[in-house]
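**Q** Dropping a structure here in structure tokens format, bear with me for questions.
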Amino acid sequence: MTTIGITTTVPIEVLMAAGYKPVDLNNVFISDPDPERLVNVAEKAGFPLNCCAWIKGIYGVVMEQGIQDVLCVTTGDCSNTIMLMEVFRLRGLNVIPFAFPDRPSISHMQRTLESLTETLGTTLEEAEKARQAFEKTRRLADELDELTWRDGLVSGWENHYWLVSTSDFMGDHTEYERRLSQLIEESRGRKPYPDDMLRLAYIGVPSVFGKDLYPYLEGQGARVVFNEIQRQFAMPNPGSSLAEQYTSYTYPYSIFDRLKDILPQLRLRRVDGVIHYVQAFCHRGIGDIIFRHYIDLPILTIEGNADFMLTHHLRTRLEAFLDMLRRRAPAHVHPKARGS
Ligand code: SF4
């Protein structure tokens, strides 16, 4: 199988059907023991200081690992990817542009998928077989999510890690499924989190300091029960075809489409407060205006750049936010949602 780098979640079923092994370059970047080194590779190549760290990290991974094929998402993710793609071309890589439809529409998605299968020399029938092969794995990811928000048995970090990893199933969906089943089994024997912990939602792109953020919040008596985009990567509404699955996937579309998923989930998961993460120099930060207009809960907007641990300043802001949430609901209790 030929490795193909992907710049965000894409219809990996088509890539698999075409004989590729998709690797999410974001996940490789952020799991590296020294991600700063990868950012430096890009800056040495001339990427500006005021360019998003994820873009630079992706470039660093591709250069360091000598990846030759990259599927670059040009619509539905990040406008910077267009220029990143041009630089990859300059370096002699085989780049395949992929554009999500500009709005969620099953017929548009169907045409988009057909065009991708043609480009990669496979068929939609073969890609549908891959979708069916992933069905059980996606259901397990959903189960993990329920064990997080409903049963309080899985941590916010575990939820983040396993859901974000569905973008490429860690390069081997069978192994991913085996390890996730094991975790689910093990979590059922755990003592649930206390009911009086604050319940948080995390919206926005995955952060550069996730490894530090989630345990820090738990240490402060709050846990993340909703990881918005990570959950979307796992395709919580798969429908009965690839076209349906990638139409109900909200991330590539407008914030209003994302809110149709976010608002009911905030209610269902009985969220007390929302953390909106924005990446420095990212256009998505502007969406904060819209989130604040529609979400009727306290929101803390935090920004990360290329600092892979929480800064002292951020810790203080998080602490103050949690204090405010506690003061807002002093007698707050969280009866278990199980059965309710
Ligand atoms: S965080 Fe924003 S700027 Fe960075 S890659 Fe993602 S969409 Fe692009």
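**Q** Alpha carbon centre of the stretch 300-315 versus the stretch 32-83: separation in Å?
**A** 21 Å
**Q** A further question follows. When a footprinting reagent is the concern and you count Cβ atoms within 10 Å, what order do GLU186, GLU218 take, fewest first? Write out the running numbers ahead of the final one.
**A** Numbers: GLU186 11, GLU218 16.
With the fewest neighbours first, GLU186, GLU218 line up as GLU186, GLU218.
**Q** After finding the eigenvalues of the alpha carbon gyration tensor for the stretch 225-340, what semi-axes result from the square roots of 5 times each, listed largest first in whole Å?
**A** 26, 21, 13
**Q** For the chain, what relative contact order do you get, as a whole percent, if you take Cα pairs closer than 8 Å and at least 6 residues apart?
**A** Over the chain, the number comes to 18 percent.
**Q** Compute the projected area of the convex hull of the Cα atoms of the chain, averaged over all viewing directions, and report it in nm² to one decimal place. Please list the in-between numbers first.
**A** Working: hull surface 66.7 nm².
Average of the hull's projected areas for the chain equals 16.7 nm².
**Q** Please work out the Kirkwood hydrodynamic radius for the stretch 2-124, using every pair of different C-alpha atoms, and report it in angstroms with one decimal place.
**A** So the Kirkwood estimate lands at 14.9 Å.
**Q** Further question on the same structure: For the stretch 83-122, how big is Rg over Rh, using alpha carbon atoms and the Kirkwood form of Rh?
**A** Ratio of gyration radius to Kirkwood radius for the stretch 83-122: 1.10.
**Q** At 222 nm, what value in deg cm²/dmol follows for the chain if DSSP H runs of at least 4 each add -39500 (n - 2.57) and the sum is divided by all its residues, to the nearest 500?
**A** -15500 deg cm²/dmol
Just so you know, all these numbers are worked out from the coordinates, no wet-lab data involved. What you are looking at is a predicted structure, and each value in this text was computed from that prediction instead of being measured. All Cβ positions, glycine included, derive from the backbone under ideal geometry; neighbour counts span all protein chains shown.
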